[in-house]
Amino acid sequence: MDPDFWHQRWSEGRTAFHQGKPNEHLVKHLARLGAGKRVLVPLCGKAEDLAWLAAQGHQVVGVELVETAVQAFFAERGVTPEVKRDGVFTRYTAGAITVLAGDFFATTLDRLGPIDALYDRAALIALPPTMRADYVEHLRALMPEGAPGLVVTVEYPQDQMAGPPFSVPEAELRAHYAGCEVELLDDVAADGRVGDVNGREKCFGVRF
């Protein structure tokens, strides 16, 4: 998927994926991540989840391609972050929250620092099938063995909507995370989160 696609979506305000409140699965299953973790949030946008995780005592490391989304996250909270160039990224830091503006596929542990847990609500389902295997492979290279994670997906008839969000069937999710512990935690109606298409939203607990 061309980066220009996401820049255009944000510039045109077509960000229905932005929920405007902490995700219900994250709130319900936060304990799965453990206490005081350094949580990686790929393709984070300006999600409320970042601030909510920090308020629960976690250190948060987000990665977002569209820098205006990163700027909006801090501006909407009246926070002036420290901003500095870090290789191919621009690093925004305020308190317990750091967001790297740039391409997730260019992240390294040197840039991210130590990571203890994963929270993926809108990353895997934002990517077309041709990119999902590479995304998970890169993610798994960043996560330490035994690290916990929460992954939220949606399932719907893909021929009824172009996406994103894309439908990621449970079997595909489990194939990507083969060798990890994967547990289905929630399976609920998507309730309009995939347009007018009837679908399911699922939350998985993952241990690397």
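The values are calculated or read from the model by the stated rules, or taken from the named source; none is laboratory data. What you see is a predicted model, and the numbers here were worked out from it, not measured in a lab. So basically every Cβ, Gly included, is an ideal-geometry build from the backbone, and we count neighbours across all protein chains shown.
Does any residue of the stretch 120-131 turn out to be more than 17 Å from the chain's Cα centre (by Cα) and in a helix (DSSP H, G or I)?
Checking the stretch 120-131: at least one residue is more than 17 Å from the chain's Cα centre (by Cα) and in a helix (DSSP H, G or I).
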Is it the case, given these coordinates, that Gly149 is touching a Leu at 6+ places or on another chain (Cβ under 7 Å) and modelled with pLDDT of 95 or more?
yes
Name every residue in the stretch 162-175 that is part of a loop (DSSP other than H, G, I, E, B), surrounded by fewer than 17 Cβ atoms within 10 Å (Cβ to Cβ) and among the hydrophobic types (A, V, I, L, M, F, W, C), in order of residue number.
Ala162
Among (1) out of contact with any helix residue (DSSP H, G or I) (no Cβ under 6 Å at 6 or more places or on another chain); (2) outside any strand (DSSP E or B); (3) closer than 22 Å to Lys202 by Cβ; (4) of a type outside the set (Asp, Glu) - the single one Gly146 does not satisfy
(3)
Pairs returned, first residue in the stretch 111-129 that is within 22 Å of Asp159 (Cβ to Cβ), second residue that is part of a strand (DSSP E or B), beta-carbon separation under 6 angstrom, 6 or more apart or interchain, are Ile125/Thr153; Ile125/Val154
Considering Ala178, Ala141, Ala147, which residue is surrounded by fewer than 16 Cβ atoms within 10 Å (Cβ to Cβ) and either touching a Cys at 6+ places or on another chain (Cβ under 7 Å) or within 19 Å of Gly62 (Cα to Cα) (or both)?
Ala141
Subset of the stretch 27-45 [buried (at least 22 other Cβ atoms within 10 Å of the Cβ), at pLDDT 95 or above and not in a strand (DSSP E or B)]
Leu33, Leu43, Cys44
Being outside any strand (DSSP E or B) and surrounded by fewer than 17 Cβ atoms within 10 Å (Cβ to Cβ) is the filter here; which residues of the stretch 181-192 pass it?
Asp191, Gly192
Could you give me the residue pairs with C-beta distances under 9 Å whose first residue belongs to the stretch 143-164 and is among the small types (Gly, Ala, Ser), whose second residue is surrounded by fewer than 20 Cβ atoms within 10 Å (Cβ to Cβ) and in a strand (DSSP E or B) wherever it lies, and which are 6+ apart or on separate chains?
Gly146/Arg207; Ala147/Arg207; Gly149/Gly205; Gly149/Arg207
Would you confirm, using the coordinates I've provided, whether Arg140 is charged (D, E, K, R), touching a residue at least 60 places away in the same chain (Cβ under 8 Å) and part of a helix (DSSP H, G or I)?
yes
